Amino acid sequence: MSTETPARRADAEAQLFEELRFSASLCTSALGSGEMGGEESLAAAAQLVSSADRTLHRFVAAARAEGTSWAHIGSVLGISRQAAQKRFSSPPQRVLAEAESPDPELVARAVEVMEHAAAGEADLLDAIASPRMRRALGEAGAAPVLAGVEPVFGACLGRGRPEARVIAQVTLVSAREHRERADAMVRVSLTAEGRLLGLYYDVAEPDTLDVVPEP
């Protein structure tokens, strides 16, 4: 019997969703580019397998809670009833594995990237871009991408406290930016060596978070 509260379960499953989505995107990116032999690709694949296994445990637990028999679960998974029961009959595994603590220096670098991006300054982004990101940006670099942010969201007026996680040895830092037209969620991903893997802007959900004024 799980001791998770509904709120904790929802939060954990949201984080598991992020793990699956991000590690899968790293894997598909490596497959598409042919860069499959590096440490980054191995870490992404290992993370994807781990996240998928914990997802499977979660789905089996949900199926059992709805009355699905072990025989049917085994049939769907291509294993015997006994094997399914042996593997999944223990209390459901936690949705999340032990979280790796983000490196404060990488978090600070991600915030620096956000600040430069908000000011429309592409030099830092171009300087630390990973080879994969450089190819994606092309010869023009990050400047054209940054130029398209302000017309959509407006100028940055402030930024909320950054939140950081580590997935597949990649540090993900996100923060809410208060902007003139619409608040945005900005996300920066950095490799363990501090290379920029991605910078993303999404429309933020309505909120009343305090913001830190831009310097």
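Scanning the range 84-100 for residues being exposed (fewer than 14 other Cβ atoms within 10 Å of the Cβ) and modelled with pLDDT of 90 or more gives a total of 1.
Out of curiosity, is Ala192 surrounded by 14 or more Cβ atoms within 10 Å (Cβ to Cβ), closer than 24 Å to Ser29 by Cβ and in contact with a strand residue (DSSP E or B) (Cβ under 6 Å, 6 or more places away or on another chain)? For Ala192, the condition - surrounded by 14 or more Cβ atoms within 10 Å (Cβ to Cβ), closer than 24 Å to Ser29 by Cβ and in contact with a strand residue (DSSP E or B) (Cβ under 6 Å, 6 or more places away or on another chain) - is not met.
Every listed requirement among (1) charged (D, E, K, R); (2) modelled with pLDDT under 95; (3) touching a Lys or Arg at 6+ places or on another chain (Cβ under 6 Å) is met by Glu177 save one, (2).
Each row is one residue, and each column tells you yes or no for (1) within 17 Å of the chain's Cα centre (by Cα); (2) in a helix (DSSP H, G or I); (3) surrounded by fewer than 13 Cβ atoms within 10 Å (Cβ to Cβ).
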{"site": "Pro102", "(1), (2), (3)": "yes, no, no"}
{"site": "Glu121", "(1), (2), (3)": "no, no, no"}
{"site": "Leu125", "(1), (2), (3)": "no, yes, no"}
{"site": "Glu139", "(1), (2), (3)": "no, no, yes"}
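The values are calculated or read from the model by the stated rules, or taken from the named source; none is laboratory data. Just so you know, these numbers come straight off a predicted model, no measurement behind them. Cβ atoms come from the backbone with ideal geometry, glycine included; neighbour counts cover every protein chain shown.
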